[in-house]
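Enquirer: Let me begin by handing over the structure; questions about it come next.
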Amino acid sequence: MTNHYPALIVVLPLLFAFVVSGVAWVKKSLCFPLTIVGMGLSAGLSVCLLGRVATTGLVEYRMGGWETPWGIGYHVDYLNALVVTVVTVLAFINLIATRKNVVEETPEKAGAFYSLYLLFIVGLTGIVLTGDLFNLYVLLEVASLTSYALIGMGNGRAPMSALNYLFVGTVGGCFYLLGVGYLYIMTGSLNMVDVATLLPQMYHSSAVVMAFIFCLVGVGIKMAFFPLHMWLPNAYGFAPTAVGSLIAPLMTKVMVYVLIRLILTVFSVDFAFVILKMGDPMVWLSSLAIVAGAVFALAQKNLKRMFCYIIVSEIGYMMGGAWLGNNTGMTGAILHIFNDAIMTLCLFLCAGSIYYRVRGLELDRLKGLFSKMPVTMACLVAGALSIIGVPPTCGFFSKWYLISGGLEAGQYGFVAALLFSSLVNVVLFFRVIEISYYGDFEDHHGHGSSGEAVMEAPASMLVPLLIVSIGLIVVGLYTGGIVNHLINPLLLKQGFLG
Amino acid sequence: MSDLVVTLLGKYNYWLCVILMMIGLYAMIAKNNLIKKLVGMNIFQTSIILFYVSIGCKKGATISILEHGAGHHGVDPTHYINPLPHVLMLTAIVVSVSTFGVALALAIKVYRKHKTLEEDEILMQLRSE
């Protein structure tokens, strides 16, 4: 049983997705508890898997017992285990926190919503755990398709944004598939470790270079890397609350994981940095992404859309860190995947509870919320401090690694972009805090909240939100442990440049 | 010149895929109607499926089914086409069909709200909101 952890993490949500969609025909109220069970099992097993990987270093799993170059193998090392734990645990917390939002925004659709929710997790955990390039494509499309459907469940502009996301996302997936095709032509293998052992003789072949570029563009589209980010703000901004806070923290981070996996395991560090010399241009592009995301965020008048542009900027942090080409930068990038997922979840959950009470997220409607919803706003401040990078929140530590990595590599443009974006984040969040702390509360009638006074969000939302906010600080304090026990051994094993 | 012709014609399967891909991409970018864009997207996906199918082929080889078992001499791989890319594409076809299904469902939702599928009209409606 314990040997099957990697497979169970992916398969259990899949089974529960079918059960939930079946049960929805009989009794709708059972959907939520069943989803909790499925998600909870998957999260628990991920934590166990992380514990095992932390002691043994590597867990291998062969699907159906087929040996790896022929069958599909799961190759779980420190990086997979860390990311899969983040994905499942955060999805579990989000599931509990957004229950009331789901009941309100997509009534009568609980069965469809929760089965899609579980299928999305199947896609993400599969992407993270798999050791097979084509399997990764299929699960990538599973995650993308479910996210299109989930976003499309919203009202108003949501279906149109989902359709635009679908067009762009499909092109991204196809580019990745094309890159895998090139690799398959050259090596005749689809297993990541196997491809990595076959590739070194062909590093100078233009087909391998094109394979890398196709994969890079494909993954770049899916992660909304500037200038391929155009779909993100609308898709995440107009999605139903529960969907926004599920997809925004997880999808883009998992795509950054895929890129790091491709660099570290498949194409190898030597190929990406020494032969292709892609480091410099990619770091400059990331710096541009950071600055552009920050500037666009300044122009937003809606809290959720502002968060969306902050994500675009944060993707720049992670891509830049990964492409700095030194140990510190890569550590920062991996740490930031972990931290940014928690920070983004915290911010989107705050937006969710505010929306639940205020029925709007325009900045001028936040007036006086500090007196009405003190706990939610305190959590928003915690998330904001982490995004800005104030110690002891976790955002500070990953930004510290990124900045020192940038200085080490002599990429002063990247360092400047990081500092600029931190300053812009200060402005952004202090504007929000100023409005909500000093502004006088105005009751907006006629927006569906008539008669109901604005007050603190219900406990079912507050408790998960508090857990996430405390998590920000706890993770910050344990950064040393994460770096020493999980990230350093990983980079050492991959033979990362000194 | 003759070298160029040989290079172009020798890899005609790749050229056909590139042309199909560009047709699809053009339709996705230039067309105004959402359904036409969807068809363009499907052409784009199909071109990659055909690319994969064509890389499994070998000259003078047959489908990879052994009629009388492998025998003592084993199997000569040059006599059989590579079935793996074809099998992979079964999955890719499923992905492409389900993407098309989700996209059509979303298009219906868009149509119900805006009463049109022309993108410029939808954008005008959104701006006037």
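The values are calculated or read from the model by the stated rules, or taken from the named source; none is laboratory data. Fair warning: this is a prediction, and the values are worked out from it, not measured in the lab. Reconstructed Cβ throughout: ideal geometry from the backbone, glycine too, with neighbour counts over all protein chains shown.
Enquirer: Please work out if A:Ile388 is crowded, with 19+ Cβ neighbours inside 10 Å, closer than 26 Å to A:Gly244 by Cβ and not polar (S, T, N, Q).
Expert: When the stated conditions are applied, A:Ile388 passes them.
Enquirer: Would you kindly identify the helices (runs of 4 or more DSSP H) lying entirely within region A:100-192 that contain at least 3 residues that are in contact with a His (Cβ under 9 Å, 6 or more places away or on another chain), away from every other protein chain (no Cβ under 11 Å) and free of Cβ contacts under 8 Å to residues at least 60 places away in the same chain?
Expert: none
Enquirer: Additional query: Working only within region A:394-420, note down all residues that are farther than 13 Å from A:Asp340 by Cβ and charged (D, E, K, R).
Expert: A:Glu408
Enquirer: Can you pull out every residue in region B:16-54 that is free of Cβ contacts under 8 Å to residues at least 40 places away in the same chain and β-branched (Val, Ile, Thr)?
Expert: Once the filter is applied, which keeps residues that are free of Cβ contacts under 8 Å to residues at least 40 places away in the same chain and β-branched (Val, Ile, Thr), region B:16-54 yields B:Val18, B:Ile19, B:Ile23, B:Ile29, B:Val39, B:Ile43, B:Val53.
Enquirer: Inspect region B:70-80 for any residue being surrounded by 15 or more Cβ atoms within 10 Å (Cβ to Cβ) and at the interface with another protein chain (Cβ under 7 Å from one of its Cβ atoms) and give the result as yes or no.
Expert: Taking every residue of region B:70-80 in turn, none turns out to be surrounded by 15 or more Cβ atoms within 10 Å (Cβ to Cβ) and at the interface with another protein chain (Cβ under 7 Å from one of its Cβ atoms).
Enquirer: Surrounded by 14 or more Cβ atoms within 10 Å (Cβ to Cβ), at the interface with chain A (Cβ under 9 Å from one of its Cβ atoms), within 26 Å of B:Cys17 (Cα to Cα) and in contact with a helix residue (DSSP H, G or I) (Cβ under 8 Å, 6 or more places away or on another chain): which single residue out of B:Phe51, B:Phe100 fits that description?
Expert: After applying the criteria, what remains is B:Phe51.
Enquirer: Then there is this: State the number of residues belonging to region B:103-129 that are more than 11 Å from chain A (Cβ to nearest Cβ) and outside any helix (DSSP H, G or I).
Expert: Residues meeting the conditions: 3.
Enquirer: Continuing with this model, one more query. Going residue by residue through region B:27-46, is there one that turns out to be in a strand (DSSP E or B), more than 9 Å from chain A (Cβ to nearest Cβ) and either closer than 26 Å to A:Val138 by Cα or at pLDDT below 90 (or both)?
Expert: Scanning region B:27-46 turns up no residue that is in a strand (DSSP E or B), more than 9 Å from chain A (Cβ to nearest Cβ) and either closer than 26 Å to A:Val138 by Cα or at pLDDT below 90 (or both).
Enquirer: Something else: Quick one: which residue in A:Leu250, A:Leu198 is out of contact with any His (no Cβ under 6 Å at 6 or more places or on another chain), surrounded by fewer than 23 Cβ atoms within 10 Å (Cβ to Cβ) and more than 27 Å from B:Asn33 (Cα to Cα)?
Expert: Being out of contact with any His (no Cβ under 6 Å at 6 or more places or on another chain), surrounded by fewer than 23 Cβ atoms within 10 Å (Cβ to Cβ) and more than 27 Å from B:Asn33 (Cα to Cα) holds for just one of A:Leu250, A:Leu198, which is A:Leu198.
Enquirer: Within region A:276-386, which helices (runs of 4 or more DSSP H) (wholly inside it) include 2 or more residues that are over 20 Å from A:Leu418 (Cβ atoms)?
Expert: The qualifying helices (runs of 4 or more DSSP H) are A:303-323, A:327-358, A:369-372.
Matching residues to (1) modelled with pLDDT of 85 or more; (2) crowded, with 23+ Cβ neighbours inside 10 Å; (3) closer than 30 Å to B:Leu84 by Cα:
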| position | (1), (2), (3) |
| --- | --- |
| A:Val23 | yes, no, no |
| A:Gly57 | no, no, no |
| A:Glu60 | no, no, yes |
| A:Glu67 | no, no, yes |
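Enquirer: Which residues, taken from region A:393-425, are closer than 20 Å to A:Cys350 by Cα and assigned to a loop (DSSP other than H, G, I, E, B)?
Expert: The answer is A:Thr393, and nothing else.
Enquirer: Quick one: in region A:417-440, which of the residues that are surrounded by fewer than 15 Cβ atoms within 10 Å (Cβ to Cβ) and touching a residue at least 40 places away in the same chain (Cβ under 8 Å) is farthest from A:Gly321 (Cα to Cα)?
Expert: Among those that are surrounded by fewer than 15 Cβ atoms within 10 Å (Cβ to Cβ) and touching a residue at least 40 places away in the same chain (Cβ under 8 Å), it is A:Asp440.
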